[in-house]
Number of protein chains: 4
Amino acid sequence: MTNFDVAQLAHVELFTPKPEESLKFFTDYMGLQITAREGQSVYLRGYEDFYHHTLKLTEGKEAGLGHSAWRASSPEALERRVASLEKSGYGKGWIDGDLGHGRAYQFVTPDGHKQEILWEVDYFQPAENQKTLLKSRPQKRPLMGVPARRLDHINLMCRDVAKNREFMSEHLGFKLREQIVLNNNEEIGAWMSVSPLVHEVALMNDQTGNSGRFHHIAFWYGYPQHLMDTADIFVENGIQIEAGPGKHGVSQAYFMYVMEPGGNRVELFGDSGYLIFDPDWKPITWRENELDEAIIWYGSPLPNEYFLYGTPDRAVKVPVK
Amino acid sequence: MTNFDVAQLAHVELFTPKPEESLKFFTDYMGLQITAREGQSVYLRGYEDFYHHTLKLTEGKEAGLGHSAWRASSPEALERRVASLEKSGYGKGWIDGDLGHGRAYQFVTPDGHKQEILWEVDYFQPAENQKTLLKSRPQKRPLMGVPARRLDHINLMCRDVAKNREFMSEHLGFKLREQIVLNNNEEIGAWMSVSPLVHEVALMNDQTGNSGRFHHIAFWYGYPQHLMDTADIFVENGIQIEAGPGKHGVSQAYFMYVMEPGGNRVELFGDSGYLIFDPDWKPITWRENELDEAIIWYGSPLPNEYFLYGTPDRAVKVPVK
Amino acid sequence: MTNFDVAQLAHVELFTPKPEESLKFFTDYMGLQITAREGQSVYLRGYEDFYHHTLKLTEGKEAGLGHSAWRASSPEALERRVASLEKSGYGKGWIDGDLGHGRAYQFVTPDGHKQEILWEVDYFQPAENQKTLLKSRPQKRPLMGVPARRLDHINLMCRDVAKNREFMSEHLGFKLREQIVLNNNEEIGAWMSVSPLVHEVALMNDQTGNSGRFHHIAFWYGYPQHLMDTADIFVENGIQIEAGPGKHGVSQAYFMYVMEPGGNRVELFGDSGYLIFDPDWKPITWRENELDEAIIWYGSPLPNEYFLYGTPDRAVKVPVK
Amino acid sequence: MTNFDVAQLAHVELFTPKPEESLKFFTDYMGLQITAREGQSVYLRGYEDFYHHTLKLTEGKEAGLGHSAWRASSPEALERRVASLEKSGYGKGWIDGDLGHGRAYQFVTPDGHKQEILWEVDYFQPAENQKTLLKSRPQKRPLMGVPARRLDHINLMCRDVAKNREFMSEHLGFKLREQIVLNNNEEIGAWMSVSPLVHEVALMNDQTGNSGRFHHIAFWYGYPQHLMDTADIFVENGIQIEAGPGKHGVSQAYFMYVMEPGGNRVELFGDSGYLIFDPDWKPITWRENELDEAIIWYGSPLPNEYFLYGTPDRAVKVPVK
């Protein structure tokens, strides 16, 4: 049953084996702002992200997802979701919090991705020279790089898309917006959201047979030109553009995928796709014969690697389809 | 108290004393699509509007709002809102429906703007040659004009902004997102929404002392270039551009205002502004000394007429501030 | 020796075996304007092309170049060029003219592409309802399709690029701007111009071993968004996008290549690339190890077909490299 | 008589009473690159400017033009122009050169603006970490600010536009492209070029009755989005936007005018306007009744100050029209 208990994607933690190069990528090229450093982590946000941070970049042996965190719609909503998660068997328990937020309930997806849900957040406080007259913007637009505006969504690779989709729906209230279903009725992609965005989370079949891997984090720009601008910067500075700029059929996103130096895939989202306001939305199902348009509406095609590479990088466990 | 019972702006009816010229404006320049004609009305929609129509253009003696209609989030939500409206004293009663939708409950704002709330809608059905492979798009992109994608919001002029704002909040669940408050504490503008959009409805003080007038309807393009493209077309074809393209501080909208030949003000929305996902959003209040940036962040200034002209066009009743 | 005797590309004639479909492509999707029809030909132009026509579309058994025409800088310049062409052995003689221009001197490139050079041109005269207040624009911006602004350049496939490059330089004054040279010193691409544009003509090695074939005609839009807009239209209407939108290294062009229904390749040029004002410009030479960036700076890669398919479509004569 | 002896605008020297703030403006916001510092001057260029510098920023008591420099088409062309200038009575004599260029011949316009013409230039040499794979780009795209690509044109205020226009035509070969002529036949604006650009120099009537003042320097971006991006930065950082972004009728430029902290007006040119390839171009004359569209085709209107303020800032000498 649909509920409104989850409001948004609050933050994502990524591991990187090359913390300095990764940090340079996010700050110098994508214009993310550093809020804090603690231990082996740097806390970052886009200049229109309102909270303390939306990206926690933590040194690790290999690239991959630390965890992602969802903000509930209210303290009561949080309690309802925790009760549901506890019953699910995927709940882990409460933590006291972290820099930038209060207590949070930890859980995993059926595939094993670490997640949190929380209510209490700290808001970003600009320094005097960061204050702007634009009252809906938490700080001035940065001068460095081509600055991303805010965190948008995550994409999780799953051994079993349908199972994880059901979990996100049942326990967190995510609505299915679009999906890809093969002729053998296997669901290989699902795009889900709690808002008019087409997705705050996408689930994508891991064709290598691994579980719990991470596909990408997406930051939002909103203007196509900015993807051309960052593309220029990436090519000149040795950052690998995996695909794009181009336009997806699914979600209508104007996209670009790049590999940050630590090995995590990052998407830059260059327009607003479309928004879903219809309360009676029927999920869109793309069938096998419609895959071409679903994946690439126009522009740069996706290489094979897009469907196989995730983080952490793992050997193939099953014959790739 | 916040609720989620209203989902979106469903459609708007406008009166025009020049039906043919108005129709040419919306179809040839803004690329709206005709779904039906009945009596003195033509039913139109943007090519990414999913319902039967989002604009009903009706011949009338003078320009102005016929009515605007809100879609509830569910049949139960509709019943809850109607019960609340009936208690408010502003309810009018049920109608059987119209082309494109089923039964609807009519009411007025305290200022007198005619409104409806409904659940049952007909979805647009494309003709064979309108069908597209892009499954989130109800029909092909039109070839005529620079086509608007969807209806976005309305702006209502009010003698008393605060009173109407409270009504929209209490009975329909609209959340206040931004407002302008003068030094004498008079609230002269309020932007409200039921979704992450900053507004599906704006309320703006009618400095002429009239009640119940209409300020503008806005259609969404999402790409700044398209406002430059339509500006070109408008200048060459004798359509008056009142202001823009430029950028508002409030809502961060990249805007252009034009007068359609029948006399109604139409806004073209050229980017996505910003979206509000924070469930604990504190309304932004712009004070009198911050008005300049609130109104125009950069670009084309608004002429005086912007604050005085509404439809129907009426004589000034009170000394203009 | 450099001279200034050739001023610009004046018009191009293309053959099409599907005249109606080709015409629909150029008018309904790319917004070209029809000036005249005569015999098996339709005369077209972009809305910012000043002359009678820039594209002559002629029914033919197969796709390909009819001829391309260069405008001299003055009547005297024309005489000088004709004298030089006559000495070259590639001159054919004068014709009285065609719709839209006066006498013209015909010649061929060493590879056999039919060419003309002329001085006398007719200027486009707008109908009353096409007149615009924008005095540098010969007519109003069209409402149909996403209108191209003007003819930009042609690309000719050559069995021997160097030989044709020398001919264009010696007899017509074209300056070499960029070139691609393989490790074996074979020149496989040359971009030449008589103006600050990087090229009005490109010469490209025909790897199939054929002679005198045509690679593409390019129309200029100048705004990247318009390539995304036309891409949308092309995908929905069954027009094959061969590559793009993307960005070339050579010429810095934001490009898209499509196949018009008659089989000719058409490029849409979506920004202004860069311009060359340096009178002492040293041609840029891209070597074999720099080919990737030369061809695609970012975005959509070029398929193999791009390097093999030309018009008329011919069997491969030599082993493809 | 038309000649091709002048090739381009090579560089401009501006005086500023606030050298540090001016430098911050050009480097941090507009992304210009510092090549050298010497004495009271800093030498700068856009990242796609090929020469040693295109802007020399010199400390001075008040804002204004130091000089502007034109590059001849060849050593012989330089000699021809110098001979003509010497006969004109406006020649001043040779200087040995400056950082970045060799000997140059100095002269003034009839209105008194200091000018140079030269042939020998030094090319910018990138440092190792500035080198880019894009061979038509002299260095990597900068990461700071929204970087301007190259110098575009200058606008000189003149007591007598016609007289200065004739001088630029007769002695330097500039062609008149567009002009504004009042009903009393006074020419109040002239746009002239030696290339397909509509202007490398504009001459504009100084309504205050002063002579030899400077109106603005223009840098070229080529993409409309970048004017919106810099507008954002300017508003947030206290830089006064005088007008724009908007579109001129004359030259079809997408423009924005800002005041750098030292008091000089700077234009940012956000698209490519239109280009003139017709060798028989007839100058466009805008008459008094066509002024509105000439000045602003759409968008932000120009304030009165635009027509009165120049550098150095001077008292009004004559009744303003």
message = Given the condition farther than 30 Å from A:PHE26 by Cα and aromatic (Phe, Trp, Tyr), answer yes or no: does some residue in region A:164-173 qualify?
response = yes
request  = Mind counting the residues in region A:120-167 that are away from chain B (no Cβ under 14 Å) and in contact with a Leu (Cβ under 7 Å, 6 or more places away or on another chain)?
outcome  = 8
Members of region A:223-250 found to be at positive phi and surrounded by fewer than 24 Cβ atoms within 10 Å (Cβ to Cβ), listed by number = A:GLY238
Output for region A:1-33, where each listed residue is away from chain B (no Cβ under 14 Å) and over 19 Å from the mean Cα position of the chain (by Cα) = A:PRO17, A:LYS18, A:PRO19, A:GLU20, A:GLU21, A:LYS24, A:ASP28
ask   = Taking into account only those residues within region C:17-46 that are within 12 Å of C:GLY262 (Cβ to Cβ), in contact with a strand residue (DSSP E or B) (Cβ under 7 Å, 6 or more places away or on another chain) and not aliphatic (A, V, I, L, M), which is surrounded by the most Cβ atoms within 10 Å (Cβ to Cβ)?
value = C:PHE26
query = So which residues in region B:167-197 are aliphatic (A, V, I, L, M), in contact with a Lys or Arg (Cβ under 8 Å, 6 or more places away or on another chain) and within 17 Å of B:PRO279 (Cβ to Cβ), if there are any at all?
reply = B:LEU176, B:MET192, B:VAL194
task = Test each condition in (1) within 21 Å of the chain's Cα centre (by Cα); (2) closer than 16 Å to D:HIS52 by Cβ; (3) among the hydrophobic types (A, V, I, L, M, F, W, C) for D:PHE107 and report the one that comes out false.
result = (2)
query = Just to be sure, is C:LEU32 at pLDDT 95 or above, touching a helix residue (DSSP H, G or I) at 6+ places or on another chain (Cβ under 9 Å), of a type in the set (A, V, I, L, M) and under 30 Å from B:LEU143 (Cα atoms)?
reply = yes
ask   = What number of residues within region C:181-192 satisfy the criterion of being within 14 Å of another protein chain (Cβ to nearest Cβ) and under 13 Å from C:ASN155 (Cβ atoms)?
value = 2
message = Anything in region A:198-210 that is out of contact with any His (no Cβ under 7 Å at 6 or more places or on another chain) and either touching a residue at least 60 places away in the same chain (Cβ under 8 Å) or within 14 Å of another protein chain (Cβ to nearest Cβ) (or both)? List them, or say none.
response = A:VAL198, A:ASP206, A:GLN207, A:THR208, A:GLY209, A:ASN210
inquiry  = If the requirement is being of a type outside the set (A, V, I, L, M, F, W, C), part of a strand (DSSP E or B) and either over 20 Å from the mean Cα position of the chain (by Cα) or at negative phi (or both), which of these qualifies: B:GLU267, B:GLU290?
reply    = B:GLU267
ask   = Which one of these is in contact (Cβ under 8 Å) with a residue 24 or more places away in the chain and within 20 Å of B:LEU23 (Cα to Cα): B:ARG213, B:ARG314, B:ARG265, B:ARG287?
value = B:ARG265
inquiry  = Given the options C:THR230, C:THR311, name the one that is of a type in the set (S, T, N, Q) and more than 14 Å from chain B (Cβ to nearest Cβ).
reply    = C:THR311
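Regarding region C:213-222, can at least one residue be identified that is within 14 Å of chain B (Cβ to nearest Cβ) and in contact with an Asp or Glu (Cβ under 9 Å, 6 or more places away or on another chain)?
Checked region C:213-222: at least one residue is within 14 Å of chain B (Cβ to nearest Cβ) and in contact with an Asp or Glu (Cβ under 9 Å, 6 or more places away or on another chain).
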ask   = Any idea which residue in region B:292-308 is surrounded by the most Cβ atoms within 10 Å (Cβ to Cβ), counting only those that are of a type in the set (A, V, I, L, M) and either touching a Leu at 6+ places or on another chain (Cβ under 9 Å) or within 13 Å of chain D (Cβ to nearest Cβ) (or both)?
value = B:ALA294
note = Residue set A:PRO279, A:PRO301; condition closer than 26 Å to A:TYR223 by Cβ, free of Cβ contacts under 8 Å to residues at least 60 places away in the same chain and either among the aromatic types (Phe, Trp, Tyr) or in a loop (DSSP other than H, G, I, E, B) (or both); output residue A:PRO301
note = In the set C:SER68, C:SER84, C:SER88, the lone residue that is within 29 Å of C:GLY310 (Cβ to Cβ), among the polar types (S, T, N, Q) and out of contact with any helix residue (DSSP H, G or I) (no Cβ under 9 Å at 6 or more places or on another chain) is C:SER68
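Listed here are the residues, each with its yes/no results for (1) aromatic (Phe, Trp, Tyr); (2) over 27 Å from A:GLY31 (Cα atoms); (3) surrounded by 15 or more Cβ atoms within 10 Å (Cβ to Cβ).
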| position | (1), (2), (3) |
| --- | --- |
| A:GLU48 | no, no, yes |
| A:HIS53 | no, no, yes |
| A:LYS56 | no, no, yes |
| A:SER73 | no, yes, yes |
| A:ARG80 | no, yes, yes |
| A:GLY93 | no, yes, no |
| A:ALA104 | no, yes, yes |
| A:VAL108 | no, yes, yes |
request  = Could you run through region C:233-248 and say how many residues are of a type outside the set (D, E, K, R), part of a helix (DSSP H, G or I) and facing another protein chain (nearest Cβ under 7 Å)?
outcome  = 2
remark   = Considering region D:254-291, residues that are of a type in the set (A, V, I, L, M, F, W, C) and at the interface with another protein chain (Cβ under 10 Å from one of its Cβ atoms), and then whichever is surrounded by the most Cβ atoms within 10 Å (Cβ to Cβ), we arrive at D:MET256
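The values are calculated or read from the model by the stated rules, or taken from the named source; none is laboratory data. In this text the structure is predicted, and so the values were computed from the model without any measurement. Positions of Cβ are backbone-derived with ideal geometry, glycine not excepted, and every protein chain shown enters the neighbour counts.
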